[in-house]
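The structure under discussion appears below in the form of structure tokens.
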Amino acid sequence: MQRQKLPELICPAGSLPALKAAVDNGADAVYLGYKNDTNARNFAGLNFDEKTLGEGVRYAQSRGRHVLMAINTFPQPGREADWQRAVDGAAALGVDAVILADVGLLDYASRRHPDLRLHLSVQGSATSYEAVNFAQREFGVRRAVLPRVLTLAQVEHVIRNTTVEIEVFGFGSLCVMNEGRCWLSSYATGESPNTVGACSPAKYVKWEKSPGQMTTRLNGVLIDRFGDDEPAGYPTLCKGRFEVNGETYYALEEPTSLNVLEILPEIARIGVAAIKVEGRQRSPAYVTQVTRTLRAALDALARESERYHVKPAWQAELAKVSEGNQATLGAYNRPWR
Amino acid sequence: MRQAFSIPRFQLPAFVSAIGTRLPQWPHALALTAALNAAARMKLLPQDSLATLEGRSFLVEVLDTGGTACFTYRAGFFRPLFGAPATPDLAFRANLSAFLQLLTRQEDPDTLFFNRELSIEGDTELGLVVKNMLDAIEWPKLPGLPRPHH
């Protein structure tokens with residue numbers, strides 16, 4: 001087998017300890033955001049201010065790792081300057097790339113900071129090579145993060161038809177995966193990742209405990225009821241159980257996690273440039289466990305190539321932190337398109 | 001962060017909590033608030049997060065020891081509440097092993113929550129602030145310990 005370039009490992013950092021955990025455990029790059037609605041994980045108490053940002057960038061870059069800044073929500077009418085300031089701040093800080101979704105902001109960044117490396121966010125929802133090449137032609141985008149709706153064959157088709165680097169998700173909670181185009185959170189709360197930087201914002205979520213069960217509501221909408229021994233999931237519409245034609249079940253999506261360990265050799269073979277781990281909202285403990293495991297798997301792939309096999313210990317470590325306690329290959333191995 | 005030791009998942013026998021619930025609860029609250037105030041004094045807790053805790057009531061219950069601690073945050077200090085509020089703004093409940101795993105960053109709070117080993121009740125956004133505040137603490141490094149490296 002021709003030795004392929006190993007995909008980079010891109011890990012989430014919602015806090016300074018999480019960033020350090022990612023770097024210490026073998027991430028090639030971390031991605032992070034400001035403490036405001038310019039990024040799609042705008043959760044209370046999460047993310048970076050100027051001080052932690054400066055320290056985080058120094059910590060990663062002095063160890064030869066990259067820092068990618070997500071500014072991947074859509075500028076809201078009348079507040080475009082807030083998003084432009086975020087891009088200016090990232091450029092001044094010397095991050096290695098910014099991850100953008102909005103074409104207006106991509107245009108601004110490419111004109112104002114021609115040397116700033118641009119990545120197209122998953123929220124930009126580019127699923128075809130035409131869309132990826134458009135972003136390259138118009139804004140000089142160097143890398144695109146593909147939404148998790150594509151099969152592996154479709155990912156390969158994109159890679160074969162573009163010179164833009166392609167990044168895909170390798171691990172983390174799955175949703176309906178219609179990234180950048182999903183209206184479910186807006187339907188229930190009037191707010192969504194695109195507009196306020198959070199899916200199903202916490203202020204709308206109620207966990208109600210009663211004897212023998214826990215009820216979850218999102219802005220009053222009943223999402224699910226769990227028995228005392230049943231695992232819980234994130235309180236989003238797409239992971240709720242609903243009554244459809246007299247049957248109550250996960251009508252949209254079962255709480256589950258993506259895990260690509262099994263198809264890592266395929267991912268490397270088709271030329272994926274980077275693998276992203278979901279979960280900036282998770283703790284340093286999660287970042288440690290997932291980064292360490294994926295690093296071990298990637299290093300094993302580099303060492304053993306076709307003799308690569310998934311170690312049970314890796315799967316056990318990842319299963320522990322998986323939402324819904326089950327991991328799948330998501331859309332990658334789906335027979336239909 | 002490699003763990004030199006790991007905290008197993010365990011549950012103390014029922015008689016421990018039967019005794020624990022009969023003991024006075026204020027020492028727990030006093031110890032916990034003293035620790036939190038020390039962390040705040042050392043600037044380990046981010047100021048913007050602390051501001052959102054103002055005047056809110058918290059309950060931490062260790063199920064298998066029967067210990068509870070109630071406290072609030074007012075005017076820059078965590079203060080014990082000697083009478084437990086009927087409905088605290090936020091309540092954390094778990095067995096001792098889960099709390100220890102959380103504090104040592106051995107387990108992820110979301111994992112414990114999904115697995116129903118950690119119960120969080122009350123104001124969900126406040127819960128998120130507290131969770132993220134604890135995650136963001138940079139524990140001072142103890143000299144002499146080998147630094148983890150990749």
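Out of the residues in region B:92-111 meeting the condition of being facing chain A (nearest Cβ under 10 Å) and crowded, with 21+ Cβ neighbours inside 10 Å, tell me which one is farthest from A:ASP228 (Cα to Cα).
The residue in question is B:ARG105.
Exactly one of (1) surrounded by 21 or more Cβ atoms within 10 Å (Cβ to Cβ); (2) farther than 30 Å from A:TYR129 by Cβ is unmet by A:CYS238. Its number?
If we test A:CYS238 against (1) surrounded by 21 or more Cβ atoms within 10 Å (Cβ to Cβ); (2) farther than 30 Å from A:TYR129 by Cβ, just (2) comes out false.
Note down all Cβ pairs under 8 Å where the first residue falls in region A:284-299 and is over 17 Å from A:LEU258 (Cα atoms), the second is buried (at least 24 other Cβ atoms within 10 Å of the Cβ) and among the hydroxyl-bearing types (Ser, Thr, Tyr), and they're at least six residues apart or on different chains.
Pairs found: A:PRO284/A:SER15.
When region A:1-59 is examined, which residues are found to be in contact with a His (Cβ under 7 Å, 6 or more places away or on another chain) and within 23 Å of A:ALA92 (Cα to Cα)?
Scanning region A:1-59 gives A:ASP28, A:ALA29.
Please work out which residue is nearest to A:ALA274 (Cα to Cα), limiting yourself to region A:35-69 and to residues that are within 15 Å of the chain's Cα centre (by Cα) and within 14 Å of chain B (Cβ to nearest Cβ).
So, considering only residues that are within 15 Å of the chain's Cα centre (by Cα) and within 14 Å of chain B (Cβ to nearest Cβ), the one nearest to A:ALA274 (Cα to Cα) is A:ARG41.
Restricting attention to region A:238-261, which residues are within 28 Å of A:ILE275 (Cβ to Cβ) and more than 14 Å from every other protein chain (Cβ to nearest Cβ)?
Listed by number, the residues that qualify are A:CYS238, A:TYR250, A:LEU252, A:GLU253, A:LEU258, A:ASN259, A:VAL260, A:LEU261.
Does region A:307-331 hold any residues that are away from chain B (no Cβ under 11 Å) and at pLDDT below 85, and which are they?
Listed by number, the residues that qualify are A:GLN326, A:ALA327, A:THR328, A:LEU329, A:GLY330, A:ALA331.
Please verify whether region A:273-289 includes one or more residues that are touching a strand residue (DSSP E or B) at 6+ places or on another chain (Cβ under 8 Å), crowded, with 20+ Cβ neighbours inside 10 Å, of a type in the set (Lys, Arg) and under 16 Å from A:GLU8 (Cβ atoms).
yes
Which one is surrounded by the fewest Cβ atoms within 10 Å (Cβ to Cβ) among residues in region A:3-34 that are more than 9 Å from chain B (Cβ to nearest Cβ) and assigned to a loop (DSSP other than H, G, I, E, B)?
Filtering region A:3-34 for residues that are more than 9 Å from chain B (Cβ to nearest Cβ) and assigned to a loop (DSSP other than H, G, I, E, B), the one surrounded by the fewest Cβ atoms within 10 Å (Cβ to Cβ) comes out as A:ARG3.
Here is a check on your reading of the model: is A:PRO255 in contact with a helix residue (DSSP H, G or I) (Cβ under 8 Å, 6 or more places away or on another chain) and surrounded by 22 or more Cβ atoms within 10 Å (Cβ to Cβ)?
Spelling it out, A:PRO255 is indeed in contact with a helix residue (DSSP H, G or I) (Cβ under 8 Å, 6 or more places away or on another chain) and surrounded by 22 or more Cβ atoms within 10 Å (Cβ to Cβ).
Looking at region A:68-117 only, could you name the residues that are touching a helix residue (DSSP H, G or I) at 6+ places or on another chain (Cβ under 7 Å) and closer than 23 Å to A:ALA27 by Cβ?
Across region A:68-117, the qualifying residues are A:MET69, A:ILE71, A:ASN72, A:LEU93, A:GLY94, A:VAL95, A:VAL98, A:LEU100, A:ALA101, A:LEU116.
Provide a single number: the residues in region B:118-133 that are more than 7 Å from chain A (Cβ to nearest Cβ) and either free of Cβ contacts under 8 Å to residues at least 24 places away in the same chain or of a type in the set (Lys, Arg) (or both).
1
State the number of residues belonging to region A:232-276 that are out of contact with any Gly (no Cβ under 9 Å at 6 or more places or on another chain), under 30 Å from A:ARG65 (Cβ atoms) and assigned to a helix (DSSP H, G or I).
The qualifying residues number 6.
Only one residue in A:GLY227, A:GLY233 is within 14 Å of another protein chain (Cβ to nearest Cβ) and surrounded by fewer than 17 Cβ atoms within 10 Å (Cβ to Cβ). Which one?
Checking each option against the conditions leaves just A:GLY227.
If the Cβ limit is 6 Å and pairs must be 6+ apart or interchain, which residue in region A:236-251 that is at negative phi pairs with which residue that is part of a helix (DSSP H, G or I)?
Qualifying pairs under 6 Å: A:LEU237/A:LEU184; A:LEU237/A:ALA188; A:CYS238/A:LEU184.
One residue is enough: does region B:62-83 have a residue meeting the conditions within 11 Å of another protein chain (Cβ to nearest Cβ), buried (at least 18 other Cβ atoms within 10 Å of the Cβ) and part of a strand (DSSP E or B)?
no
Checking the conditions here, which among B:THR33, B:THR72 is free of Cβ contacts under 8 Å to residues at least 40 places away in the same chain and either of a type in the set (Ser, Thr, Tyr) or within 30 Å of A:LEU53 (Cβ to Cβ) (or both)?
The unique qualifying residue is B:THR72.
Could you list all residues from region B:84-100 that are assigned to a loop (DSSP other than H, G, I, E, B) and either of a type in the set (Val, Ile, Thr) or within 25 Å of B:VAL16 (Cβ to Cβ) (or both)?
Matches in region B:84-100: B:ALA84, B:THR87, B:PRO88, B:ASN95.
Can you say whether B:SER49 is among the polar types (S, T, N, Q), assigned to a helix (DSSP H, G or I) and closer than 18 Å to A:GLY45 by Cβ, as far as the supplied structure shows?
Yes.
Given the structure, is A:GLY124 outside the structural domain of A:GLY197 (by TED's automatic domain parsing), loosely packed, with under 15 Cβ neighbours inside 10 Å and either touching a Ser or Thr at 6+ places or on another chain (Cβ under 8 Å) or of a type outside the set (Asp, Glu) (or both)?
No.
The values are calculated or read from the model by the stated rules, or taken from the named source; none is laboratory data. All values derive from a computational prediction rather than experimental measurement. Neighbour counts run over all protein chains shown; Cβ positions are idealised from the backbone, glycine included.
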